[in-house]
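Data first, discussion second: the structure below is written as structure tokens.
The values are calculated or read from the model by the stated rules, or taken from the named source; none is laboratory data. Nothing here was measured: the structure is a model prediction, and the numbers come from that model. Don't worry about glycine lacking a Cβ; one is built from the backbone with ideal geometry, like all the others, and counts go over all protein chains shown.
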Amino acid sequence: MVGTKVSLSVVLTTFNEADYLADCLDSVKQLADEIIVVDGSSTDKTREIARRFGAKVVKVKNLPMFHTNKQKAVDLATKDWILQLDADEQVSLELVSEVKTAINSDAKFAGYYLPRKNWFLSRFLTKGGQYPDYVIRLFKNGVGHFPQKSVHEQIVIDGPIGNLKNHLIHYADREFSRYLTRFNRYTDLESENLFRAGEKPHLGQAISYLIFKPVGWFLLTYFRHKGFVDGLPGFIFALMSSLRFPVTWFKLWEKTYAR
């Protein structure tokens with residue numbers, strides 16, 4: 001990058017992201033010194049689009065624990081700093097400038113939290129605990145790794161972490177069908193983690209997962225965190241995110257008794 005002291009790798013994992021990837025990579029074209037795309041054997045034009053932007057593309061299996069492929073992308077990065085993205089995310093112009101400043105500053109941070117704006121169906125969510133959705137995405141090469149244990153885990157950074165103020169834009173759920181696909185994927189992983197940990201369905205667990213956890217989460221998200229401010233999308237998000245608990249339990253029961 002002209003006029004900067006250090007270099008930056010942008011790393012992504014993909015699977016059938018042809019509808020989103022070009023916008024993501026276009027948003028970092030003035031920022032990335034290299035782009036690494038670890039693709040889980042997409043059947044659409046994802047890899048073709050990535051190569052069009054000059055990315056180094058590695059084709060792998062689409063593993064259920066997708067953080068494993070994210071770690072592979074991190075391991076392949078060769079530059080001083082790493083910006084880890086999902087294909088349905090875009091870096092705002094203001095954030096591009098802020099990232100350049102941050103990695104060339106004398107600050108002693110090993111990584112940074114980025115405030116993320118999440119699009120859900122028809123709008124960016126502003127409440128319900130969804131904004132600002134701070135995620136660790138920018139870090140020095142060699143100091144970060146994914147534990148590869150949980151669906152919603154953040155990358156772990158060895159060192160102090162700072163905060164940037166400009167937005168990472170997340171277009172995960174433009175269509176409800178896409179949300180349901182991700183919902184099914186996450187609950188599959190959560191139930192599998194419980195199953196591997198030796199959890200077996202029982203009455204007390206059923207009461208927790210079918211009643212207390214979903215009701216508590218809905219009340220927290222929709223009322224305490226004011227999800228109602230976001231209208232119908234806010235209600236749908238609160239409802240569906242609370243339903244992950246009974247769905248996870250049903251899948252655990254299936255793995256335990258219906259095989």
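Summary table
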quantity	calculated
All positions within the stretch 131-147 that are in a strand (DSSP E or B) and either farther than 17 Å from residue 86 by Cβ or not basic (Lys, Arg) (or both)	133, 134, 135, 136, 138, 139, 140, 144, 145
So residue 46, is it buried (at least 21 other Cβ atoms within 10 Å of the Cβ) and more than 29 Å from residue 104 (Cβ to Cβ)	yes
Matching residues in the stretch 151-197 - criterion: being over 15 Å from the mean Cα position of the chain (by Cα), assigned to a strand (DSSP E or B) and surrounded by fewer than 18 Cβ atoms within 10 Å (Cβ to Cβ)	161, 162, 163
The stretch 198-221 residues that are of a type in the set (D, E, K, R), paired with ones that are at pLDDT 95 or above and not in a loop (DSSP other than H, G, I, E, B) (beta carbon under 7 Å, 6 or more apart)	199/252; 213/245
Selected residue (criterion: surrounded by the most Cβ atoms within 10 Å (Cβ to Cβ)) from residues of the stretch 131-150 that are of a type in the set (A, V, I, L, M, F, W, C) and either outside the structural domain of residue 73 (by TED's automatic domain parsing) or out of contact with any helix residue (DSSP H, G or I) (no Cβ under 8 Å at 6 or more places or on another chain) (or both)	139
Test for residue 162: is it over 28 Å from residue 26 (Cβ atoms) and not assigned by TED's automatic domain parsing to the domain that holds residue 223	no
Filter result (small (Gly, Ala, Ser) and either more than 30 Å from residue 62 (Cα to Cα) or not in a loop (DSSP other than H, G, I, E, B) (or both)) within the stretch 198-242	204, 206, 208, 216, 227, 231, 234, 238, 241, 242
Selection status of residue 228, touching a residue at least 60 places away in the same chain (Cβ under 8 Å) and surrounded by 13 or more Cβ atoms within 10 Å (Cβ to Cβ)	yes
Residue check for residue 219: exposed (fewer than 15 other Cβ atoms within 10 Å of the Cβ), assigned by TED's automatic domain parsing to the domain that holds residue 252 and of a type in the set (A, V, I, L, M, F, W, C)	yes
Sole exception among (1) buried (at least 19 other Cβ atoms within 10 Å of the Cβ); (2) over 28 Å from residue 150 (Cβ atoms); (3) not hydrophobic (A, V, I, L, M, F, W, C) for residue 84, by number	(2)
Only one of 41, 97, 92 that is on the phi > 0 side of the Ramachandran plot and surrounded by fewer than 21 Cβ atoms within 10 Å (Cβ to Cβ)	41
Residue in the stretch 26-35 that is under 23 Å from residue 136 (Cα atoms), surrounded by fewer than 17 Cβ atoms within 10 Å (Cβ to Cβ) and aliphatic (A, V, I, L, M) present	no
The stretch 74-122: number of residues that are in contact with a strand residue (DSSP E or B) (Cβ under 7 Å, 6 or more places away or on another chain) and polar (S, T, N, Q)	5
